[in-house]
Every structure is written in C-alpha cells, then in structure tokens.
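Here it is: the structure, laid out below.
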Amino acid sequence: MDYYKVQLDENDMPKKWYNIVPDLKTPLEPPVNPATGKVATAAELEPIFAKELIRQEMSMEQYIDIPAEVLDLYKLFRPNPLRRAVNLEKYLKTPAKIYYKYEGESPTGSHKTNSSIPQVYYNMKQGSQRLTTETGAGQWGSALAFACNHFGLECMIYMVRSSFAQKPHRKTLMNLWNGKVAASPSNLTEYGRRVLKETPDTPGTLGIAISEAVEDALSTPNTRYTLGSVLNHVMLHQTIIGLETQKQFEMIEDYPDYVIACCGGGSNFGGLAFPFVKDKMNKNLDTQIIAVEPESCPSLTQGEYRYDFGDTGQLTPKLKMYTLGCEFVPPSMHAGGLRYHGCSPIISNLYADKIITAEALGQKDVFNAGVLFSQTEGITAAPESTHAICSAINKAIECKKTGEEKTIVFNLSGHGLLDMTYYQEFLEGKIV
Ligand SMILES: *Cc1c(COP(=O)(O)O)cnc(C)c1O
C-alpha cells in the first residue's frame, strides 16, 4: 500500500535537538573576533546573543533538551507528516519514491519558527525586552515577530529593501504580530545611513541588514540580536525536522537514498540532513545528501572556503565558511531567502570533507518544478523551496532512465502563498 502521509503521534515528537558538532570528522573551526584576531569568547558574544544560545553555539553535547514551553508552541504545527508525492511520481512515471517534509504548515509558512521560538524563549528567560533581526524574503522576520508576540518581547526587523518593496503582505504579517519593520538600508542606524549615502539605489542585502540589526542591538538597552540561519544553534533547533523524518521512515521501514534541501544560510538543509549525516558517518551508508543553491548566489559550488564576516558592515565575528565575499551583492531575485553570501560553518565543514554534495540550479528550471509541484501535489512552494523540488524531480527522472527504485526525501521549506507576484511573472513568461 502506498502512503500519502506518515503521521507521527504528538507524544512521539522528538524532545531533544541533535547537535552534530561533536560528531564532525574535522573539528569545527571557531568564530574569530576581528578586533583581536583570536577565537571569539562567550563573554565577547554576550552583548549580542542570549547566554543559553551562546552555550548551545559552543556545545559539545550530542543532544540538547527542548524546553517544555518550546515543545508546547511547536505543537501548533508539529510533528508534521512525512508526505509522499504520489501524484508527482505518477506524472513523472518514475520508479522512485518521492517523500517530503512540508514546513509550510507553521504559523509563518516556513521552517523558521523552529528556531525563532527557542531563540525568543531563551531571551525572555534571560530578561531581554527587545530583539532585533534582519530578514530577506520576510520569512525569518515574521517567524521572530510571531514568537516575540507570544513571549511578550518587542521585535525590530530590518527587511532587505528589494523584498520590502516586493512583499507588502510579509510586512503586514510582521505588523500583525506587533513587529516593527524598516526597509534596509534604513536611516535608523549609522551603518544604514552610510550605505544610503554611498549607494542610494542599492537593493539591499542580508549582509547589510545584519549589520543594521547588530548595531541596533549593541546600541539599545535590554536589546539582543537574533539570526535566522547560519549559526550552529540555529542548525541545532532545525534538527527537529530530520529527527521526525527518521522516525517516520522507521515507521514505514524505508530509508532515503537521497536527502535534498535548498540552501541559503543552510538551516532548513541542516535541519533535515544532519540526523542523516550522522547515520551516514556512523554506519558507512552511501546516502547522497545534497544542498541546492541558486545559480545566481552559489556560495558552496563557487565560493572560497575561508574566514569571512557574516555581514557587510563587518561588525560580526568572522566565520570559517564557503563565501562569495561579504561585499558580494547577489542579484535581486525571487528566492530572496537564498540571497546570502556565505553558508553555515557546519555545512561548509561537511562539504569540504565531501560528506555532503551541492548543486546550483537556474531560476527558470526551479520555477518549472514549482509549477509542476503545485499542479500535481497542490502545494504552491516558496521560490526557495522550488530549488529542492527541482533537484528531487531531476533525481526521479534519472531513476526512470536507470529503472532504479530509489527513495528520495526533500524539505519543502515553505509555502509561496505570499509570493504570488513571482508565479504570476513566471506564467506571463517574464522569468528567463
Ligand atoms: C529562509 C528560507 C530559506 C533559506 O534559509 P536556510 O537557512 O538556508 O534554510 C529557504 N526556504 C524558505 C521557505 C525560507 O524561508
């Protein structure tokens, strides 16, 4: 019998996150304080981040308990089913089995709430009253606003200017949850004013918006900064996705040959992939674990592996990662959430060690895949997620050629119901 959905009972939701850092083959290189040229200490990070998040960032424990208050809020949308794309398989006439996790069921329509909830919770516990952040496509900003509103903190979001103009409804969603939103670069920070003076027409970047949010946090009392991707603690929180997926595969006695997700800063990829990476390393499996990035912002496939700043203003500690350079301004494109110059240090480490692979796909191909998925499976994916769909379809088509009955799982990181202008442009033939 074919399963459409593999349901995990609410009580079987994982109660710990998985920390891959102690399991890495090559030890992870730590963040460096650019002012001293030395490893950044916990004390140096405390003005920016909540203490518990710094502890998690540096932790060598394999599993970390999810607090009860966080589990309770997760239950609004977790566990989500492991879905099988039966109609897509039939359309493709592939012998492959295509499964996916749909993170678009969360209140904000993406996986970002898996980390915004614990980040706000630990800040609330420590007495932070206000949080700042950046947002590209608006997904992380809305996830942070949702969690801040729940736990009673103020929320200030610097939204990349090109997205601010293109996604008015994302802003409404943030406002609905009492978040304040400024188009970045803004005149609210010294760094923003400087960028506006030098390049008045810039579309903005995540790197610029991070600089603004960090400056705001450092210069405002009781305020801390939060990041929606890249850092170890964000990857940690997202592993709830892969841990659920593993349990669901156990229930149907199957196991993926391919694990696929789109990769911007890397959090939805890491979230799905890390538990499978662990298996691959421990049990010597040949699972193919693939990070998919856009051709226009190919940090893993085209970047250099070196220390670089996380932001354009060079306020953050330096991270060892694959990077296109912190000054790189990616073209303004549809998958706004993938417009980041760098990639998670953990994912970079796994990529350098060849435990995972990466591929870059073009805009037109991924949109075609998104349209086909919407028509067959009924879910209209976020432009970011269409990268994963496209890669999964390509693998399923290969299986058709070889006749192999492989099992594919991918992360459908979010829905695209606030991205309709892009689908409209695509249908009108304006995306080439
Ligand atoms: C933010 C976002 C991404 C990219 O960020 P990662 O940290 O790489 O996951 C991908 N998909 C969606 C739907 C997003 O909101």
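Does any residue in region 107-126 that is within 22 Å of H415 (Cβ to Cβ) come within less than 6 Å, Cβ to Cβ, of a residue that is away from the ligand (no atom under 16 Å from the Cβ) and at pLDDT 95 or above six or more places away or on a different chain, and which pairs are these?
Short answer, once both residue conditions are applied: I117/V70; I117/L73.
Let me ask you something else. In this structure, does K364 turn out to be of a type outside the set (D, E), in a helix (DSSP H, G or I), under 21 Å from K167 (Cα atoms) and open to solvent by 10 Å² or more (accessible area, probe 1.4 Å)? Spell out how you get there, then give the answer.
On the way: of a type outside the set (D, E): yes; in a helix (DSSP H, G or I): yes; under 21 Å from K167 (Cα atoms): yes; open to solvent by 10 Å² or more (accessible area, probe 1.4 Å): yes.
In short, yes.
If you don't mind, another one. Kindly list, by first and then second residue, each pair from a residue in region 263-275 that is over 18 Å from E250 (Cα atoms) and in contact (Cβ under 8 Å) with a residue 12 or more places away in the chain to a residue that is within 6 Å of the ligand (Cβ to nearest atom) and open to solvent by 10 Å² or more (accessible area, probe 1.4 Å), limited to pairs with Cβ atoms under 6 Å and residues at least 6 apart or on different chains.
G264/G337; G265/S229; S267/S229
Would region 322-345 turn up any residue that is in a loop (DSSP other than H, G, I, E, B), basic (K, R) and more than 16 Å from the ligand (Cβ to nearest atom)?
First, the residues of region 322-345 that are in a loop (DSSP other than H, G, I, E, B): 324-335, 339-344.
Among the residues that remain, those that are also basic (K, R) are: 339.
If we keep only those that are more than 16 Å from the ligand (Cβ to nearest atom) too, we end up with none.
Scanning region 322-345 turns up no residue that is in a loop (DSSP other than H, G, I, E, B), basic (K, R) and more than 16 Å from the ligand (Cβ to nearest atom).
Is it the case that region 217-224 has a residue that's surrounded by fewer than 22 Cβ atoms within 10 Å (Cβ to Cβ) and basic (K, R)?
Checked against the condition, which is being surrounded by fewer than 22 Cβ atoms within 10 Å (Cβ to Cβ) and basic (K, R), region 217-224 yields no hits at all.
Given the condition surrounded by fewer than 16 Cβ atoms within 10 Å (Cβ to Cβ), part of a loop (DSSP other than H, G, I, E, B) and among the aliphatic types (A, V, I, L, M), answer yes or no: does some residue in region 43-64 qualify?
yes
Helices (runs of 4 or more DSSP H) wholly in region 114-179 with at least 1 residues that are out of contact with any Leu (no Cβ under 8 Å at 6 or more places or on another chain) and aromatic (F, W, Y) - which ones?
139-151, 161-166
So, one more: Would you check if E384 is within 13 Å of A261 (Cα to Cα) and acidic (D, E)?
Working: within 13 Å of A261 (Cα to Cα): yes; acidic (D, E): yes.
Here the answer is yes, as E384 does meet what is asked.
Report whether or not I208 is at pLDDT 95 or above, touching a strand residue (DSSP E or B) at 6+ places or on another chain (Cβ under 9 Å) and closer than 30 Å to I346 by Cα.
Details: at pLDDT 95 or above: no; touching a strand residue (DSSP E or B) at 6+ places or on another chain (Cβ under 9 Å): yes; closer than 30 Å to I346 by Cα: yes.
Taking the combined requirement at face value, the residue does not satisfy it.
A further question follows. Name the residues in region 346-361 that are outside any loop (DSSP other than H, G, I, E, B) and among the aliphatic types (A, V, I, L, M), would you?
At the first step, the residues of region 346-361 found to be outside any loop (DSSP other than H, G, I, E, B) are 346-352, 357-361.
Those that are outside any loop (DSSP other than H, G, I, E, B) and among the aliphatic types (A, V, I, L, M): I346, I347, L350, A352, A358, A360, L361.
So which residues in region 258-291 are in contact with a Leu (Cβ under 9 Å, 6 or more places away or on another chain) and open to solvent by 40 Å² or more (accessible area, probe 1.4 Å)?
M281
Residue-wise test of (1) open to solvent by 10 Å² or more (accessible area, probe 1.4 Å); (2) out of contact with any Ser or Thr (no Cβ under 6 Å at 6 or more places or on another chain).
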residue: T189; (1), (2): no, yes
residue: E198; (1), (2): yes, yes
residue: T202; (1), (2): yes, yes
residue: A209; (1), (2): no, no
residue: T226; (1), (2): no, no
residue: K247; (1), (2): yes, yes
residue: I252; (1), (2): yes, yes
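Matching residues to (1) in contact with a Cys (Cβ under 8 Å, 6 or more places away or on another chain); (2) at pLDDT 95 or above; (3) within 12 Å of the ligand (Cβ to nearest atom):
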{"position": "R83", "(1), (2), (3)": "no, yes, no"}
{"position": "L92", "(1), (2), (3)": "no, yes, no"}
{"position": "K97", "(1), (2), (3)": "no, yes, no"}
{"position": "K112", "(1), (2), (3)": "no, yes, yes"}
{"position": "G136", "(1), (2), (3)": "no, no, yes"}
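Here's something else I'd like to know. Given the structure, is A352 open to solvent by 30 Å² or more (accessible area, probe 1.4 Å), in contact (Cβ under 8 Å) with a residue 40 or more places away in the chain and under 17 Å from the mean Cα position of the chain (by Cα)? Break it down stepwise before answering.
Working: open to solvent by 30 Å² or more (accessible area, probe 1.4 Å): yes; in contact (Cβ under 8 Å) with a residue 40 or more places away in the chain: yes; under 17 Å from the mean Cα position of the chain (by Cα): no.
No.
If you check every pair at least six apart or on different chains, which have Cβ atoms under 7 Å apart with a residue in region 71-87 that is touching a residue at least 40 places away in the same chain (Cβ under 8 Å) and surrounded by fewer than 20 Cβ atoms within 10 Å (Cβ to Cβ) first and a residue that is in a helix (DSSP H, G or I) and of a type in the set (S, T, N, Q) second?
Final answer for the pair search is N87/T376.
Here is a further query. Looking at region 396-418, can you tell me whether even one residue there is assigned to a helix (DSSP H, G or I), within 15 Å of the ligand (Cβ to nearest atom) and surrounded by 20 or more Cβ atoms within 10 Å (Cβ to Cβ)? Before the answer, list the steps.
Within region 396-418, the subset assigned to a helix (DSSP H, G or I) is 396-402.
Retained after the next criterion (residues that are within 15 Å of the ligand (Cβ to nearest atom)): none.
No, that holds for no residue.
May I pose another question? Every residue in region 17-73 that is under 18 Å from Q126 (Cβ atoms) and among the small types (G, A, S), please.
Result: A42, A43, A50, S59, A68.
Still on this structure, I have one more. For region 367-382, give me the residue count where each residue is in a loop (DSSP other than H, G, I, E, B) and within 15 Å of the ligand (Cβ to nearest atom). Spell out how you get there, then give the answer.
Filtering region 367-382 down to residues in a loop (DSSP other than H, G, I, E, B) leaves 378-380, 382.
Filter once more, so that each one left must be within 15 Å of the ligand (Cβ to nearest atom): 379-380, 382.
Number of matching residues: 3.
Moving on to the next point. Quick one: would you say C390 is in contact with a Phe, Trp or Tyr (Cβ under 9 Å, 6 or more places away or on another chain), in a loop (DSSP other than H, G, I, E, B) and at pLDDT 95 or above? Give the steps one after another, and end with the answer.
Numbers: in contact with a Phe, Trp or Tyr (Cβ under 9 Å, 6 or more places away or on another chain): yes; in a loop (DSSP other than H, G, I, E, B): no; at pLDDT 95 or above: yes.
No, not satisfied.
The values are calculated or read from the model by the stated rules, or taken from the named source; none is laboratory data. Since this is a predicted model, take the numbers as computed values, not measurements. Neighbour counts are summed over all protein chains in view; Cβ atoms, including those assigned to glycine, are modelled from backbone coordinates with ideal geometry. To get the accessible areas, we keep the full protein, side chains included, count just its heavy atoms, and leave off ligands, DNA and RNA. Shrake-Rupley method; radii C 1.70, N 1.55, O 1.52, S 1.80 Å.
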